[in-house]
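The values are calculated or read from the model by the stated rules, or taken from the named source; none is laboratory data. Everything numeric here is computed off the predicted structure, so don't read it as measured data. So basically every Cβ, Gly included, is an ideal-geometry build from the backbone, and we count neighbours across all protein chains shown. These accessible areas exclude ligands, DNA and RNA; they are computed on the full protein's heavy atoms, side chains included. Shrake-Rupley method; radii C 1.70, N 1.55, O 1.52, S 1.80 Å.
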Amino acid sequence: MKKLSELAKDKSGVIASINGDARFVSRITSIGLTPGCSVTVIKNEKRRPLLVFSRDTMIALNRAECNWIDVEEAV
């Protein structure tokens, strides 16, 4: 299992769990990132927000927030 921020560009995975406080979990799930949801990394550059594609939507996530999201990398 990896953190979302560890996925390389053009790699896909499935969200396994979302950690953090209730406010963070509520915000992330309200934008459609839920356990079991597939995500594809569009951009993953150092010191920049992570850009992911999920559920027909592109989402920019803070790198610190990505460390609270566990994913299983797709093979």
Estimated dipole of the chain in Debye, rounded to 20 [Cβ of Lys and Arg +1, of Asp and Glu -1, Cα centre] = 320
Might you work out the accessible area of LYS2 for me, using a 1.4 Å probe with all protein chains in place, and round it to the nearest 10 Å²?
-> 70
Quick one: pull the percent of accessible area on the chain belonging to carbon and sulfur, 1.4 Å probe, ligands and nucleic acids left out.
-> 50
What GluC sites (Glu not before Pro) does the range 29-75 have in DSSP loop regions with at most 10 other beta carbons within 10 Å?
-> GLU45
What does the helix-only formula give at 222 nm for the chain: each DSSP H stretch with n ≥ 4 adding -39500 (n - 2.57), the total divided by the residues, and the result rounded to the nearest 500 deg cm²/dmol?
-> -4000 deg cm²/dmol
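Roughly how many Å² is the accessible area per residue of the chain, as a whole number, for a 1.4 Å probe?
On the way: 4760 Å² over 75 residues.
With the other protein chains kept in place, the chain gives 63 Å² per residue.
To the nearest whole percent, what portion of all C-alpha pairs in the range 1-67 is separated by more than 14 angstrom?
Working: 1180 of 2211 pairs.
Beyond 14 Å sits 53 percent of the P(r) for the range 1-67.
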Under the Karplus curve 6.51 cos²θ - 1.76 cosθ + 1.60, θ = phi - 60°, whole-Hz ³J(HN,Hα) for the range 6-23, x wherever Gly or Pro sits = 8, 6, 7, 4, 6, 9, 10, x, 10, 5, 8, 7, 10, 9, x, 6, 4, 5
